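Contents: one structure, followed by commentary.
No lab work stands behind these numbers, since they all come straight from the coordinates. Nothing here was measured: the structure is a model prediction, and the numbers come from that model. Glycine gets a Cβ as well: all are built from the backbone with ideal geometry, and neighbour counts include every protein chain shown.
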Amino acid sequence: MRRERPLSVRQEAILYVIRSWIIEHGEGPTVRQIGPRVGLSSTSSVAYQLGRLEARGLISRTGRGWKSCHLES
């Protein structure tokens, strides 16, 4: 049985930003809105981290863009 690695500090920060943004704005943030808040200047780096969180089942999205993302329970 393979154990999942714990979330990185950056992944925890991204989840916090998403949670806060949804509470404040009622929808998920864009990749460009997440980047500066977690110290990433590259949108591809943010998208990569979001993909990893999605693969772990921690977030999902209803549309093609990340603005439609929501947290999984």
Practice task
Please list the radius of gyration and Dmax for the chain, considering alpha-carbon atoms only, with Å as the unit.
Solution key: 11.8, 40
Handout entry: Backbone HN-Hα couplings from phi across the stretch 39-56 [Karplus 6.51/-1.76/1.60, Hz, Gly and Pro as x]
Key = x, 10, 9, 8, 5, 5, 5, 5, 4, 4, 5, 5, x, 5, 5, 5, 4, 7
Handout entry: Spin-label zone in the stretch 59-73 - amide nitrogen under 12 Å from a point set 7 Å from the Cα of Ala47 along the C-beta vector
Key = 65-66
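Give the residue list of trypsin sites (Lys or Arg not before Pro) in the chain that are DSSP loop and have at most 10 other beta-carbon atoms within 10 angstrom.
Answer by residue number: Arg2, Arg3, Arg64.
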Practice task
Just flag the GluC sites (Glu not before Pro) in the chain sitting in loop per DSSP whose Cβ has no more than 15 other Cβ atoms within 10 Å.
Solution key: Glu4, Glu27, Glu72
